[in-house]
1. Which pairs do you get when a residue that is at negative phi, found in the range 59-72, comes within reach of a residue that is buried (at least 17 other Cβ atoms within 10 Å of the Cβ) and charged (D, E, K, R), reach meaning Cβ atoms under 8 angstrom, with the pair 6+ apart or on two chains?
2. I'm told R60 meets every condition in (1) closer than 16 Å to E4 by Cβ; (2) at pLDDT 85 or above except one. Can you identify the failing condition by its number?
3. Between a first residue in the range 99-110 that is more than 12 Å from T148 (Cα to Cα) and a second residue that is among the aliphatic types (A, V, I, L, M) and in a loop (DSSP other than H, G, I, E, B), which pairs have beta carbons less than 6 Å apart while being 6 or more apart in sequence or on different chains?
4. Can you tell me which of T17, T79 is of a type in the set (S, T, Y), out of contact with any helix residue (DSSP H, G or I) (no Cβ under 9 Å at 6 or more places or on another chain) and closer than 30 Å to P109 by Cβ?
5. Does N139 meet the test of being surrounded by fewer than 19 Cβ atoms within 10 Å (Cβ to Cβ), under 19 Å from L69 (Cα atoms) and among the polar types (S, T, N, Q)?
6. Please work out if A38 is in contact with a Leu (Cβ under 6 Å, 6 or more places away or on another chain) and modelled with pLDDT of 80 or more.
7. Can you give me the ranges of the strands (runs of 3 or more DSSP E) entirely in the range 14-76 with at least 1 residues that are loosely packed, with under 11 Cβ neighbours inside 10 Å?
8. Could you grab me the full set of residues in the range 3-26 that are without any contact (Cβ under 8 Å) to a residue 60 or more places away in the chain and within 21 Å of V83 (Cα to Cα)?
Amino acid sequence: MKFEVHITGPSDKKLRTVELEREADRWKISLDGQQVGADAVEIDSNTLSLLLEGQSYEVRITPLPDGVLKLQTGLQEFTAEVVDPRAWRGRRHGALEVEGRQQVVAPMPGKVIRILVQAGDKVEAGQGLLVVEAMKMQNEIRSPKGGTIERLHVKEGQPVNAGDVLCIVS
């Protein structure tokens with residue numbers, strides 16, 4: 001599979017060509033035509049442990065309703081947008097919607113200022129679940145899938161750390 005991806009980081013925006021090929025239980029990865037030594041393991045829902053050219057990274061991935069992926073590693077945040085419309089754009093939520101029970105986690109430290117759903121509520125993929133205030137900005141946390149709110153783990157006014165489980169959607 002070959003993808004063109006716009007990666008936007010703190011200081012620049014690049015168009016990269018990413019090619020993935022499955023070899024037994026591993027992926028063969030090329031970036032802009034160059035072979036990359038990489039290994040990836042999913043350690044939690046929407047969280048990967050990556051080994052790239054001998055360096056280790058933990059990457060949290062948040063699919064946004066417009067087809068963009070928000071990637072966080074350490075204190076850095078990037079966005080990735082797949083250019084091929086057949087792969088992502090045309091499907092919108094269908095391509096982004098994950099399966100199974102999903103933990104919704106805080107993307108950064110902050111305070112829960114508003115809860116938009118209750119346990120037992122039916123939600124759509126991309127629907128706002130709660131609002132977390134971080135660095136004087138309000139961030140609406142959205143559902144990664146359509147389903148039911150199984151459990152809320154936070155209350156309004158509660159401080160949260162990056163990676164804390166906010167709720168579960170099943």
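1. L64/R142; P65/R142; V68/E81; L69/E81; L71/R60; Q72/R60
2. It is condition (1) that R60 fails.
3. Within 6 Å, the pairs are A106/A162; M108/A162; P109/A162.
4. T79
5. Criteria met by N139.
6. It is false that A38 is in contact with a Leu (Cβ under 6 Å, 6 or more places away or on another chain) and modelled with pLDDT of 80 or more.
7. Because the criterion is at least 1 residues that are loosely packed, with under 11 Cβ neighbours inside 10 Å, the strands (runs of 3 or more DSSP E) in the range 14-76 that meet it are 34-36, 38-44, 55-63.
8. Once the filter is applied, which keeps residues that are without any contact (Cβ under 8 Å) to a residue 60 or more places away in the chain and within 21 Å of V83 (Cα to Cα), the range 3-26 yields S11, D12, K13, K14, R16, T17, V18, E19, L20, E21.
The values are calculated or read from the model by the stated rules, or taken from the named source; none is laboratory data. This is a predicted model, so every value here is computed, not measured. All Cβ positions, even for glycine, are placed from backbone atoms using ideal geometry, and neighbour counts span all protein chains on display.
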